[in-house]
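Colleague: One structure, pasted below without further comment.
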Amino acid sequence: MYVVNINNFLGFSQNFLTDNFGQDDWKTANQFCETLNVYGYSDWRLPTKEELNIIYKNKVKINGLESAQYWSSTVSSTNYFWTQSFGDGNKTTYPNGNSLFYRCVRK
């Protein structure tokens, strides 16, 4: 597993980003991050839409990001969540049932 310290990107101490875990619907991705226990840490979650944008802006410094839509933890409306394209930076909402890429960050 590839884990990078993104403290410099997000401005939080000991904030880490995992590698891609493939594609899942939002509920599955969120649950996966919430129950992830790796490298001695169990406080993982999906990034907020603001954190996701910072990751996008620093994507050249982070290995393994796909040019695809990524989930955030930010709710837009019932069963819709903010996402961001790592191809063009476009932010939009998708319903829970879509299968998108995701990465986990530490709380």
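The values are calculated or read from the model by the stated rules, or taken from the named source; none is laboratory data. Every value quoted in this text rests on a predicted model; they were computed, and no experiment measured them. When we count neighbours, we look across all protein chains shown, and the Cβ atoms used for this are built from the backbone with ideal geometry, even at glycine.
Colleague: Residues that are on the phi < 0 side of the Ramachandran plot, without any contact (Cβ under 8 Å) to a residue 12 or more places away in the chain and assigned to a strand (DSSP E or B): does region 50-71 have at least one?
Modeller: no
Colleague: Could I ask something else about it? Of everything in region 31-49, what is closer than 13 Å to Lys107 by Cα, part of a loop (DSSP other than H, G, I, E, B) and of a type in the set (Ser, Thr, Tyr)? Give them in sequence order.
Modeller: Ser42, Thr48
Colleague: When residues of region 50-92 are filtered for being among the aromatic types (Phe, Trp, Tyr) and either at pLDDT below 90 or farther than 19 Å from Lys107 by Cβ (or both), how many remain?
Modeller: Residues in region 50-92 being among the aromatic types (Phe, Trp, Tyr) and either at pLDDT below 90 or farther than 19 Å from Lys107 by Cβ (or both): 3 in total.
Colleague: Here's something else I'd like to know. With the requirement that a residue be in a loop (DSSP other than H, G, I, E, B) and free of Cβ contacts under 8 Å to residues at least 60 places away in the same chain, what does region 76-107 give you?
Modeller: If the condition is that a residue be in a loop (DSSP other than H, G, I, E, B) and free of Cβ contacts under 8 Å to residues at least 60 places away in the same chain, then Thr78, Asn79, Phe86, Gly87, Asp88, Gly89, Asn90 are the ones that fit.
Colleague: Here's another thing I want to ask about it. Could you grab me the full set of residues in region 29-51 that are polar (S, T, N, Q) and surrounded by 15 or more Cβ atoms within 10 Å (Cβ to Cβ)?
Modeller: Once the filter is applied, which keeps residues that are polar (S, T, N, Q) and surrounded by 15 or more Cβ atoms within 10 Å (Cβ to Cβ), region 29-51 yields Asn30, Thr48.
Colleague: Going residue by residue through region 90-97, is there one that turns out to be surrounded by 13 or more Cβ atoms within 10 Å (Cβ to Cβ) and in contact with an Asp or Glu (Cβ under 6 Å, 6 or more places away or on another chain)?
Modeller: Within region 90-97, one or more residues are surrounded by 13 or more Cβ atoms within 10 Å (Cβ to Cβ) and in contact with an Asp or Glu (Cβ under 6 Å, 6 or more places away or on another chain).
Colleague: When region 66-81 is examined, which residues are found to be surrounded by 19 or more Cβ atoms within 10 Å (Cβ to Cβ) and in contact with a Lys or Arg (Cβ under 8 Å, 6 or more places away or on another chain)?
Modeller: Tyr70, Ser72, Ser73
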